[in-house]
Every structure is written in structure tokens, then in C-alpha cells.
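In what follows, a structure is listed as C-alpha cells, so that the remarks can point back to it.
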Amino acid sequence: MFSIIQAAGWPIWPLIACSILALALVIERFVSLKTIKITPPKLLDEVLSVTRQSVPGPDVIKQLEKNSALGEVLASGLRILNTHPNCSEEELHASMEATGRRVAHRLERYLNAPPRRHR
């Protein structure tokens with residue numbers, strides 16, 4: 001195999017380097033975009049059970065934020081409810097939507113295909 005690479009000459013080395021880089025990006029995206037890291041199966045049920053009595057404290061919200069991408073979005077809504085208990089539904093929605101956009105942008109890093117726009 002190495003003799004084939006040597007016979008190909010110098011142009012093969014940049015191709016090999018690009019192939020290794022592409023493989024590394026594919027592996028990184030595969031690991032980063034696992035479903036369990038983005039939307040853990042029981043997360044929503046746990047958040048609903050914790051918030052039934054009252055809004056959780058900042059330490060619980062911080063832990064939720066570190067949990068997953070969905071946890072970050074839910075934590076932003078809970079954080080708004082902690083700081084502004086009388087906020088409107090629109091303010092809560094806007095906060096969670098802005099966080100969702102940031103999280104989606106972070107998850108889409110290294111993906112070159114532009115998002116499809118529905119008409």
C-alpha cells in the first residue's frame with residue numbers, strides 16, 4: 001500500500017491530509033450530534049416534574065443548562081421566570097427562541113450545506 005502512495009508522487013499527500021481532516025470532522029459531528037446529547041429522552045418529563053410546584057433555583061437551572069442542547073433552551077425560559085416572575089408569554093417565547101437559535105447555530109458548525117428554506 002505504501003508503495004502505491006509513493007508511486008503516486010507528491011500530489012497524493014495533500015489528498016491524504018484532506019481525507020484525514022474530513023474524517024476527523026465527520027467523527028466530531030457524529031459524536032456532537034448524538035440524539036442523547038441534544039434531546040435526552042427523559043429530560044422534558046424531569047423538567048416538568050421539577051417545575052410543578054415552583055420555578056427551580058439558579059443551581060438547578062445551571063445544571064439543566066449543562067445537560068444538553070434542549071436543556072439550554074429550557075433553562076433560558078426558567079431563568080427568565082426566575083428573574084421576571086410576571087413576564088409575558090411573548091417575552092418567555094422570545095427568550096427561548098433566541099437561545100434555540102444560538103444552540104442551533106452551534107450545532108450546525110462545520111456543516112457547509114445551507115439550510116433549506118420552506119416556502
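All of the numbers you see were taken from the coordinates with simple rules; none came from a lab. Source: prediction; values computed, not measured. Every residue, glycine among them, receives a Cβ derived from its backbone with ideal geometry; neighbour counts consider all protein chains shown.
Which of (1) part of a helix (DSSP H, G or I); (2) surrounded by 13 or more Cβ atoms within 10 Å (Cβ to Cβ) does residue 30 not meet, given it meets every other one?
The failed condition is (2).
Are there any pairs with C-beta distances below 9 angstrom linking a residue in the stretch 76-91 that is farther than 10 Å from residue 55 by Cβ to a residue that is of a type in the set (Gly, Ala, Ser), with the two at least 6 apart or on different chains, and if so which?
76/95; 76/98; 76/100; 87/95
Mind checking which residues of the stretch 37-55 are farther than 19 Å from residue 101 by Cβ and touching a residue at least 24 places away in the same chain (Cβ under 8 Å)?
Within the stretch 37-55, 40, 43, 44, 47, 51, 55 meet the criteria.
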